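A.B. asks: Here it is, the structure, as structure tokens.
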Amino acid sequence: MDMAVDVFPWTKSKPRKTQPRSVGGTRQHKCGQTHTNLSRKRSFPNMDFSLCLRSPIISLLVHFLLVVSTLCPVHSSQLGSHPVANQTFRPKEELGKLNTIKNRLRQINKPALKTIQSPDGDVIDCVVSHKQPAFDHPLLKGHKPLDSPERPRGHNQMGDLSDNFQLWSLSGESCPEGTIPIRRTTEQDMLRASSVRRFGRKKIINRVRRDTTGNGHEHAIGYVTGDQYYGAKGSINVWAPLVENPYEFSLSQMWVISGSFGDDLNTIEAGWQACYYHYFILINSPELYGDSYPRFFTYWTTDAYQATGCYNLLCSGFIQTNSKIAIGAAISPTSSYGGGQFDISLLIWKDPKHGNWWLEFGSGILVGYWPSFLFTHLGDHASMIQFGGEVVNSGSSGSHTSTQMGSGHFAEEGFAKASYFRNMQVVDYDNNLIPLSNLKVLADHPNCYDIQGGFNNAWGNYFYYGGPGRNVKCP
């Protein structure tokens with residue numbers, strides 16, 4: 001792999017003379033973890049936030065009752081972005097909700113040995129490794145993170161191991177040895193969630209289907225199936241797509257899947273996602289509504305997103321071992337149309353010795369692992385691997401969303417204009433990384449977001465994908 005700039009775990013790829021040929025998977029998602037104060041212009045001044053954002057949790061109730069109705073637009077719980085003029089506040093219900101939030105925050109946010117203020121407004125807590133949320137699980141009480149596992153054979157770990165690929169690391173601060181960086185969850189994060197009880201989880205869907213037409217989730221995905229898979233690897237082009245409203249998101253990720261597409265679905269997921277976050281702010285100040293920076297994320301479930309699993313470290317599940325990567329934090333830099341291209345390499349594989357599923361970011365940097373006991377079907381192997389993009393089309397305006405997938409441009413535009421996945425591989429039974437066989441590509445709304453796959457010596461299996469959403473052919 002050619003590298004124009006030696007920056008870990010990013011690679012800046014040079015254009016290839018490739019002729020992508022048409023060759024197409026799918027699944028679910030919902031924006032889970034929320035983020036703080038990035039401007040849409042990618043600058044980080046000391047922003048003057050509204051009174052609604054600054055108030056502590058006890059005084060939030062007062063603001064909801066006495067201030068919010070006059071200073072802050074209130075939005076319906078229905079999909080849409082129009083303010084609701086008459087919203088009834090119920091003091092007892094709001095107080096109960098805030099107490100629930102306080103209790104949940106105590107579970108999520110562990111005591112920190114050190115706190116780091118990120119340039120984007122995030123707060124990063126350095127938490128003692130064996131006190132992270134995963135070890136609240138009854139089966140992990142008293143345990144500590146495992147040592148590094150055996151990597152798959154054929155895995156190239158060469159590369160510059162620079163750590164400045166997330167905005168919080170630009171502060172120059174780092175977490176002490178023996179701790180891990182965890183993005184602090186805030187009261188505002190939980191207040192923005194559609195359900196405090198299910199904060200950090202995806203929306204329950206009655207039946208998860210590969211063809212998700214009709215539920216608002218739209219995909220452009222490459223996939224392999226029909227064999228036993230013990231992991232997957234790929235490089236994902238990173239962009240900062242436009243997200244039209246607070247009820248939508250855009251993501252690019254890998255899925256490791258087993259079970260049926262019913263209630264027993266097991267998935268392990270990792271990639272980047274961008275969401276539009278609405279802040280309670282003064283009317284006529286739409287420029288402060290939020291950001292769509294891409295965030296590194298993980299997810300897992302064993303029952304099709306019903307009662308198990310969560311994003312990142314928001315429940316007892318994923319065990320982080322790395323002291324330099326904050327899951328859920330913003331990624332920087334990103335790709336630009338016609339300019340520099342940046343991608344991240346992700347590897348997920350099953351440790352042959354202990355059976356845990358490990359995640360590696362970049363070239364040789366272990367992030368952590370999902371313990372094998374979390375899963376049913378994935379306790380053995382995966383039956384499908386998927387790579388690709390997904391957006392939510394809320395249909396709030398009566399037409400298709402203009403939320404972008406990838407770069408916001410169609411696959412046919414190619415390198416430096418369309419988003420891509422490259423060097424996709426799977427891990428076989430003997431812990432070998434091998435090329436994909438019979439990669440299929442699928443776009444369920446090709447007039448809105450499409451995909452074109454191909455193969456060459458430099459990129460191996462690859463595809464370009466994405467699109468602008470609403471256009472003349474996608475009204």
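A.B. asks: Using 0.36 nm per residue of separation minus the Cα-Cα distance, give me the extension gain between Glu412 and Ser437 in nm, one decimal.
C.D. replies: Separation in residues times 0.36 nm, less the Cα-Cα distance, equals 6.7 nm.
A.B. asks: In units of 2.2 N^0.38 Å, what is the alpha-carbon radius of gyration of segment 281-429?
C.D. replies: Computed over Cα atoms of segment 281-429, the ratio equals 1.24.
A.B. asks: Provide the per-residue ³J(HN,Hα) series for segment 191-200, in order, calculated from phi with Karplus coefficients 6.51, -1.76, 1.60 and θ = phi - 60°, each as a whole number of Hz, with x at glycine and proline positions.
C.D. replies: 5, 7, 5, 5, 8, 5, 4, 9, 4, x
A.B. asks: Net charge near His155, counting Lys/Arg +1 and Asp/Glu -1 over other residues with Cβ under 11 Å of its Cβ?
C.D. replies: +1
A.B. asks: Continuing with this model, one more query. Can you tell me the order of 429-442, 218-231 when each peptide is scored by its average per-residue count of other Cβ atoms within 10 angstrom, highest first?
C.D. replies: 218-231, 429-442
A.B. asks: Which value, in Å², gives the accessible area per residue of segment 379-475 when a 1.4 Å probe is used on the protein heavy atoms?
C.D. replies: 35 Å²
A.B. asks: For Cys310, what residues show an amide H to amide H distance below 5 Å, using hydrogens built from the backbone and excluding near sequence neighbours?
C.D. replies: Here Trp300 satisfy the definition.
The values are calculated or read from the model by the stated rules, or taken from the named source; none is laboratory data. All values reported here derive from a predicted model rather than from experimental measurement. As a convention, Cβ positions derive from the backbone with ideal geometry for all residues, glycine included, and neighbour counts pool all protein chains shown. Heads up: the accessible areas ignore ligands, DNA and RNA and are worked out on the full protein's heavy atoms, side chains in. Shrake-Rupley method; radii C 1.70, N 1.55, O 1.52, S 1.80 Å.
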